[in-house]
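Reviewing the structure listed below.
Any read-out appearing in this document is the output of simple, stated calculations on the displayed coordinates, not a laboratory observation. Everything numeric in this text was worked out from a predicted model, so none of it was measured.
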Amino acid sequence: MADIKIDVKGETCPVPLVEVRKALRKASPGDIVEVTGTHSASKKEIPMAVEALGLELIDIIEEEGVWKIKIRR
């Protein structure tokens, strides 16, 4: 279960990435941040940012054009 959930459905770059970064700053180590969105470029950018920050990408699920990315802080 996610500690912090972000819904950026309908938002385009850079909003989803900015919101994820804000949430990750607020999260405590070990917290899980779950982001849900529809913008395909963000689905690629968020995992790259997670890797660059040295955090753990837990899961990426996509169903009917809506993706969910789970990240462990």
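Relative to the longest principal axis of the Cα atoms of the chain, the long axis of helix 40-52 makes an angle of roughly 20 degrees.
Less than 19 Å apart at the alpha-carbon level, and either on another chain or at least 8 residues along: which aspartates and glutamates does that give for LYS9? Within the straight-line limit of under 19 Å, LYS9 reaches these aspartates and glutamates: GLU19, GLU34, GLU45, ASP59, GLU62, GLU63, GLU64. Measuring spread by the Cα atoms of the chain yields a radius of gyration and Dmax of 10.8, 32 Å.
Between ARG72 and LYS5, 0.36 nm times their residue separation minus their Cα-Cα distance comes to what?
Working: separation 67, 0.36 × 67 = 24.12 nm, distance 1.21 nm.
That works out to 22.9 nm of additional length.
On full extension, the segment bounded by ARG21 and MET48 gains 8.5 nm, given 0.36 nm per residue less the C-alpha separation.
Calculate how steeply helix 15-26 sits against the longest principal axis of the alpha-carbon atoms of the chain, using the helix alpha-carbon long axis, and give the answer as 0 to 90 degrees to the nearest 10. With both axes taken from Cα atoms, the answer is about 10 degrees.
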